[in-house]
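The values are calculated or read from the model by the stated rules, or taken from the named source; none is laboratory data. All figures in this text were calculated on a predicted structure; none of them were measured in a lab. Using ideal geometry, Cβ is built from the backbone for each residue, glycine included, and neighbour counts are taken over all protein chains shown. Note: accessible area is taken over every heavy atom of the protein model, side chains too, but ligands, DNA and RNA are not part of it. Shrake-Rupley method; radii C 1.70, N 1.55, O 1.52, S 1.80 Å.
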Amino acid sequence: MVNLLDLMGTIFYIALIILVIVLIILVIRAINTLDKVDKTLDDIQEKSSKLNGVFHMIDNTTDVMVGISDTIVSFIASSIEGIINRKREKKDE
């Protein structure tokens with residue numbers, strides 16, 4: 001009869017060989033997946049760098065609009081303040 005220890009050792013080694021083969025397959029698939037992800041990230045980065053010009057233009061436009069609105073608001077505020085000061089000066093006289 002076959003010794004039980006020899007049988008268990010053989011089963012253990014066969015299971016270990018199967019496990020190593022499965023791990024090798026999983027690592028190869030993981031490497032392929034990471035290559036695809038890397039290509040996708042490069043594509044996204046390239047496309048986003050093309051949009052940087054558009055975002056820069058929008059940023060400059062908003063800066064100009066804020067400057068114009070600040071000028072208009074300060075003009076209106078100073079006009080109202082001038083009117084209020086005239087009324088106060090007339091009351092003081």
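Mind checking the per residue accessible area of the chain for me, 1.4 Å probe, whole number of Å²?
Values: 8900 Å² over 93 residues.
Accessible area per residue: 96 Å².
Can you send over the carbon and sulfur percentage of the accessible area for the chain, probe radius 1.4 Å, protein chains only?
69 percent
Helix-only estimate, please: 222 nm mean residue ellipticity of the chain, summing -39500 (n - 2.57) across DSSP H runs of length 4 or more and dividing by its residues, to the nearest 500.
Counting only the DSSP helices, I get -36500 deg cm²/dmol.
So what's the angle, to the nearest 10 degrees on a 0 to 90 scale, between helix 4-92 and the longest Cα principal axis of the chain?
Helix 4-92 sits at roughly 0 degrees to that axis.
Consider the candidate values (i) 1.77; (ii) 0.96; (iii) 1.10; state which one is Rg/Rh (Cα atoms, Kirkwood Rh) computed from the structure displayed.
(i)
Can you tell me the dipole magnitude for the chain around its Cα centre, using point charges on the Cβ only (Lys, Arg +1; Asp, Glu -1), in Debye to the nearest 20?
Once rounded to the nearest 20, the dipole reads 300 debye.
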